[in-house]
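S.K.: Sending over a structure as C-alpha cells; questions will come in a sec.
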Amino acid sequence: MAESRTEISNLGEFGLIKRLNQGLKNNLPDSITGIGDDAAVIDLGTEFGLLSTDILLEGVHFDLSFFPLKHLGYKAIAINVSDIAAMNGIPRQVTVGLALSNRFSVEAVEELYEGMKAACKDFNVDLVGGDTSSSLSGLFISVSVFGRVAKDRITYRNTAKANDLLCVSGDLGGAYIGLQLLVREKQVFLADPNMQPQLDGKEYVIQRQLRPEARMDVVFELAAAGVIPTSMIDLSDGLASDLLHLCSQSGVGALVFEDKLPIDEQTYVGAVELNIGPITAALNGGEDYELLFTVPQSDYDKIKNNPKISVIGYMTDKKDEVLLHTKGDNRVPITAQGWN
Ligand code: ADP
Ligand code: MG
C-alpha cells in the first residue's frame, strides 16, 4: 500500500484549490491572470474580458424543501454576476449547466428558468448556452458568466494599499440569519406538519437568503461618482473570510470598527432570537453578495453621502494583521474559515 491518501477536509476548500493549481501556469499571452480573483481576466485588446463559474448543488447550497425553484434560478445568475461586479466589470453573457433527476417535471425546470430569465433581465445579461444532463442525486446547477471591463477600471483583490478606507455595500449577516430561520421553521414543520411557519416580519432576511442581488447598482454609482476602488471582492463566504483574502493577497492588514458594521434591524432581531451574536452573523455569515472594497482616503467625499456604502475601517501596513476594534475598545483578531 504505497499510495497515500489525504482527506479533502485536511486541506479545506482553499487549500485544495491551491494544491490543484500548483505548477499550473498560463501559456497564452491573453491570459492575464489565473486563479485567485473573483473572475479570470482575459486580454481582448481594447478591454479586458472576465470569466467566472459558480456551482450550486442540492443538499450543499440549497434545500428544495424551502427554496422555491424560481428564486434558486435567480440566485444562480445573481451570484455569478456578483463576481463580475467584484472586478468592477459589466456582465454580458451566461451559460447554464444543469443536471436533473427524474424527480423534476418539465414545469419545475421551467420555473427554475423563469427565475434565471428574471435575473438576466435585471442584470442585462443574455443566456446564450449551456449543457443539460440527468443526475442520479439531486439538482446540480453550474453557471458561467462572461463580462467586460475597461483596462483602466478593473479592480483586483490584491491591490489594496495601507491607509485606504475599507468600505462595504448594503448590510451584513442577513442571508445567514435568513437561512437559520428557514432551517428552524423546517424542523418545526417536520416535528408537527400542522404548524405554520413563523416568518412574519422576517421578509427581508428571508429574501437575502433566497433571492440575493448582485450589486451592479453600486458598481454604476461608484463609476458615476468618479471612484475606481483600489481593490474589491464580493462577500460570498462572509466578511471575515473575504477580508482575510483581500488582506493576504494585497500584503496589508486591516482595522475594522465593530460599531461601523452595517446590520439591518431584521438581522439583529433574528440573530438575538436564534441566540447568535449579531456581530458574529455580520462577520461570519456568508452569501450576502455585497461588495467589499477599498478606496483612497482622498475619495472619501465622493462616497460619504451614498447610503448604500459604509466605511467600516481602514487598511494598515501590518501584513495579515486583521483586527476588530470592539465597542469596548479592545482589539481582537478577525479569524475565519471556508467550508471544510
Ligand atoms: P468566489 O467565491 O469569488 O467564487 P472561490 O473562492 O470559489 O471564488 O474561488 C477562488 C479562486 O479559485 C477563484 O479564482 C476561482 O476561479 C479558483 N478556483 C476555484 N475552484 C477551482 C478549480 N476547481 N480549479 C481551478 N480554479 C479554481
Ligand atoms: Mg467572488
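S.K.: What does the convex hull of the Cα atoms of the stretch 31-169 come to per residue, in Å³, rounded to a whole number?
M.R.: Roughly 136 Å³ of hull volume per residue.
S.K.: Could you tell me what percent of the accessible area of the stretch 1-135 is made up of carbon and sulfur, with a 1.4 Å probe and every protein chain present? Intermediate values should be presented prior to the final figure.
M.R.: Values: 3950 of 7630 Å².
Here carbon and sulfur together make up 52 percent of the probe-accessible area.
S.K.: Write down the Kirkwood hydrodynamic radius of the stretch 164-333, to one decimal in angstroms, obtained as one divided by the mean of 1/r over all alpha carbon pairs. Please list the in-between numbers first.
M.R.: Details: mean 1/r = 0.0596 Å⁻¹.
Here the Kirkwood hydrodynamic radius works out to 16.8 Å.
S.K.: Would you count, across the stretch 164-333, every pair of lysines whose alpha carbons are under 28 angstrom apart, provided the pair is eight or more residues apart or spans two chains?
M.R.: Going through the stretch 164-333 pair by pair, I get 19.
S.K.: Distance from a point 7 Å along Cα→Cβ of D126 to each backbone N in the stretch 149-180: keep the residues under 18 Å and list them by number.
M.R.: Label zone hits: 149.
S.K.: On to the next question. What's the local net charge at S231, with K and R +1, D and E -1, over the other residues with C-beta under 9 Å away?
M.R.: Values: positive: R157, K161; negative: D164.
Its environment carries a net charge of +1.
S.K.: Give the accessible surface of the chain per residue, rounded to a whole number of Å², with probe radius 1.4 Å and ligands, DNA and RNA excluded.
M.R.: Values: 16960 Å² over 340 residues.
Computed with neighbouring chains in place, this is 50 Å² per residue.
S.K.: A further question follows. Where does the chain land at 222 nm, in deg cm²/dmol rounded to the nearest 500, when only DSSP H runs of n ≥ 4 count, each adding -39500 (n - 2.57), divided by all residues?
M.R.: Working: 10 runs with 114 residues, N = 340.
Result for the chain: -10500 deg cm²/dmol, rounded to the nearest 500.
S.K.: Ignoring ligands, DNA and RNA, what percent of the 1.4 Å accessible area of the stretch 164-333 is carbon and sulfur? Write down the numbers at each step before the final one.
M.R.: On the way: 3790 of 7400 Å².
Of all accessible area on the stretch 164-333, carbon and sulfur atoms account for 51 percent.
S.K.: Could you give the Stokes-Einstein D for the stretch 41-121 in µm² per second, using the C-alpha Kirkwood radius, 37 °C, 0.692 mPa s? Could the numbers behind the result be given before it?
M.R.: Working: Rh = 14.0 Å.
Translational D for this selection: 235 µm²/s.
S.K.: Say each of K117 and N27 gets a label point 7 Å from the Cα, pointing the same way as Cα to Cβ; how far apart are those two points in nm?
M.R.: 4.3
S.K.: While we're on this one: Considering only protein heavy atoms, with the full assembly of protein chains and a 1.4 angstrom probe, order E111, E287 by accessible area, largest first. All intermediate terms of the calculation are to be shown ahead of the outcome.
M.R.: Working: E111 85, E287 40 Å².
Reading off the accessible areas and sorting them downward yields E111, E287.
S.K.: What number in nm² do you get for the chain if you take the convex hull of its Cα atoms and divide its surface by four?
M.R.: Seen from a random direction, the Cα hull of the chain projects 21.0 nm² on average.
S.K.: Can you give the Rg to Rh ratio of the stretch 1-51, both from alpha-carbon atoms, with Rh computed by the Kirkwood formula?
M.R.: Working: Rg = 15.6 Å, Rh = 13.3 Å.
We get a ratio of 1.17 for the stretch 1-51.
The values are calculated or read from the model by the stated rules, or taken from the named source; none is laboratory data. Fair warning: this is a prediction, and the values are worked out from it, not measured in the lab. Cβ coordinates were reconstructed from backbone atoms using ideal geometry, including for glycine residues, and neighbour counts include every protein chain displayed. Keep in mind that these areas ignore ligands, DNA and RNA; they rest on the heavy atoms of the full protein, side chains included. Shrake-Rupley method; radii C 1.70, N 1.55, O 1.52, S 1.80 Å.
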